[in-house]
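Contents: one structure, followed by commentary.
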Amino acid sequence: MKIFYKIWSSRTKEFALIIFAACFLSCNKLVEVGPPNNKIVDANVYLNDATATSVLTALYTGLGKTGLTNGLLSAPLYSGLLSDELMVSSNNATLSQYYTNALNNTDTTVPDYWSTLYSNTSIFTTNAALDGITTSTTLTPAVKQQLLGEAKFMRAFYYFYLVNFFGDVPLVLNTDYKANTLLARTPKATVYAQIIKDLTDAQSLLSPNFLDGTLLTNSSERLRPSKWAAIALLARVYLYTNDFANAEKQASLLINSSTQFGLTSLAGAFLTAGSGNNEAIWQLQNTVTTSNTPEGRYFIPPSAGSLQQVYLNPILLNAFEKGDQRKTNWIGSQILNGVTNYYAFKYKNNKGGAVTEYETVFRLAEQYLIRAEAEVNGAGGEILGAVSDLNVIRNRAGLPNYTGTVDKPSLLAAILHERQVELFTEWGHRWFDLKRTGNIDAVMTVVAPQKGGTWSSYKALFPIPLTELQKDQNLTQNAGY
């Protein structure tokens, strides 16, 4: 496996890294400085606050820049097609592979999450940054601490998606290309343990304040990872690994921090934090001028008479209860040739112009649902607490309190349903939920044939690209491919 793409000298790698970072410096909400005038050598990028900060800034702006064929921002689209959230409306070979659950390891037209997440725009950069920042003696202490926290947080963030897409994956924690090109797959449990370690470290390193691009001044926006972003992801990871006591604890830290966080109206849940959206925990700044967010590009038809490539699956539309205001606020409709199509409308802007929305990575509503699920599964079986948290989300959607059977199986089913209609088309939640709760075979055995495909259990994981298997003799393919 060629995780790090080329054998570069150390100096060339650092030079490329700073050039990559500098190309994004026009995003002044994140950082407002230019590249250094002196010659770039191995450690120069970590000699001063501005250039060291630009390395991490490049990760966030890189996430905001990626399009339909690569990068994590395409995860809402492709995971929605894999599951029961989206449907294809046009003859697009790449989209159809996902929609019919027909992925293979040889087609290079589909998104290569493996190479993208291991590359110099993702995990490689975090590892290089951790080395450079740790050994630097010239950074402002507060900046150094924040950057170390950001790097650890981002490494955990990338690995979270790798293990949920692929299962066992190589655990790369350094920039030694000779060793990394021969790594075998690490058990998922071990990768999760590293994710938890990184997030625990990040939680203690990151500022509880939301910072601007200098890392020394508070910001009304929430565009850089903070302590709260680490807590949000840690709560999710603990839930995924069945550590329910810690999942409840971490989610409660966010929910109980009412001076900084609170549920907003449905219409305001995806607006910029600077506009008063306190539901946002971490957002990404737009780097494409033609729309505010990728969702605006992916999901909203470009004009009233234009066919969009994907629409919402009727299965999702039928999952909403009568009177659920999320269906009114977060779903749009379009009539073409007498047929009504429905599309995700959580983000409203697909034309660019004034920035009113940012891509929301973490928001408070998820934390209520994490805590509810953890409370039901916990040793104490805090049923009443779970019902209360579930009702917070239901009531915000204009629905009455939960009136179903108050037992563990019934409540877990109700929470999974609430996640389906609350978190649809957001960062792969539905696809991951079906897998981690053991419901994927039951659901997809029915759904896949309706989409024109077939289902087998092995399809819950992505195939490792054939090109990676050819580069690394110690790498093995996921079963079934």
Practice problem: Return the long-range amide H neighbours of Leu336 (sequence gap of 5 or more, or a different chain), with a cut-off of under 5 Å between placed amide H atoms. | Solution: Asn341
Quiz prompt | region 220-318 - percent of accessible surface contributed by carbon and sulfur, probe 1.4 Å | solution = 50 percent
Self-check item: region 387-481 - percent of accessible surface contributed by carbon and sulfur, probe 1.4 Å
Solution: 54 percent
Quiz prompt | Accessible solvent surface per residue of the chain, calculated while the other protein chains remain in place, 1.4 angstrom probe, Å² | solution = 37 Å²
Exercise. Assign one of three labels to region 353-459, namely rounded, prolate or oblate, based on the Cα gyration tensor with a ≥ b ≥ c the square roots of its eigenvalues; rounded applies when a/c is under 1.5, prolate when it is not and a/b is larger than b/c, and oblate otherwise.
Key: oblate
Quiz item: Over region 369-414, what is the relative contact order in whole percent, taking alpha-carbon pairs under 8 Å and six or more residues apart?
Solution: 34 percent
Quiz item: When the distances between all Cα atoms of region 142-255 are binned every 5 Å from zero, what whole-number percent does each bin get?
Solution: 2, 12, 20, 20, 18, 13, 9, 4, 1
Self-check item: Per-residue HN-Hα couplings for region 362-379 [Karplus 6.51, -1.76, 1.60; θ = phi - 60°; Hz; x = Gly/Pro]
Solution: 10, 9, 5, 4, 4, 5, 4, 6, 4, 5, 4, 5, 5, 5, 5, 7, x, 4
Quiz item: Sorted by average packing, counted as other Cβ atoms within 10 angstrom per residue and highest first, what order do 206-213, 122-129 take?
Solution: 122-129, 206-213
Quiz item: How big is D, in µm² s⁻¹, for region 305-422 by Stokes-Einstein at 37 °C and 0.692 mPa s if Rh is the Kirkwood radius over C-alpha pairs?
Solution: 202 µm²/s
Exercise. Estimate the FRET efficiency between Thr200 and Ser96 by the formula 1/(1 + (r/R0)^6), using the beta-carbon distance for r and 56 Å for R0, to the nearest 0.05.
Key: 0.85
Practice problem: Using amide H atoms built 1.01 Å from N in the peptide plane, name the residues 5+ places from Val361, or on other chains, whose amide H lies under 5 Å from its own. | Solution: Trp282, Gln283, Leu284
Quiz prompt | Contour minus Cα-Cα distance for Thr190 and His417 (0.36 nm per residue) | solution = 78.7 nm
Practice problem: Grab the DSSP H runs of the chain that are 4 residues or longer, score each as -39,500 (n - 2.57), total them, divide by all residues and round the 222 nm result to the nearest 500 deg cm²/dmol. | Solution: -14000 deg cm²/dmol
Self-check item: Whole-Å semi-axes of the ellipsoid equivalent to region 404-481 (Cα gyration tensor, √5λ, descending)
Solution: 31, 15, 12
Quiz prompt | Whole-number D in µm² s⁻¹ for region 440-481, Kirkwood Cα-pair radius fed into Stokes-Einstein, 20 °C, 1.002 mPa s | solution = 182 µm²/s
Exercise. With a/c under 1.5 counting as rounded, go ahead and sort region 216-292 into rounded, prolate or oblate using the C-alpha gyration tensor (a ≥ b ≥ c being the square roots of the eigenvalues; past the cut-off, prolate if a/b is larger than b/c, else oblate).
Key: prolate
Exercise. Rounded to the nearest Å, what's the spacing between the alpha carbon centres of region 372-421 and region 455-477? Just the number, please.
Key: 37 Å
Quiz prompt | Kirkwood Rh in Å, taken over region 399-445 so that all alpha-carbon pairs contribute | solution = 11.6 Å
Self-check item: Alpha carbon convex hull of the chain, projected area averaged over orientations, nm²
Solution: 21.8 nm²
Self-check item: Cut-off 12 Å between beta-carbons: net charge of the residues surrounding Asp324, Lys and Arg +1, Asp and Glu -1
Solution: +2
Quiz item: Is region 252-348 best put as rounded, prolate or oblate by its Cα gyration tensor, with a ≥ b ≥ c the root eigenvalues, rounded for a/c under 1.5, and otherwise prolate when a/b is larger than b/c, oblate when not?
Solution: oblate
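The values are calculated or read from the model by the stated rules, or taken from the named source; none is laboratory data. These numbers come from a predicted model, not from an experiment. Here the Cβ is made from the backbone with ideal geometry for all residues, glycine too, and neighbour counts use every protein chain on show. Side chains are part of the model used for accessible areas, which takes the heavy atoms of the whole protein and leaves out ligands, DNA and RNA. Shrake-Rupley method; radii C 1.70, N 1.55, O 1.52, S 1.80 Å.
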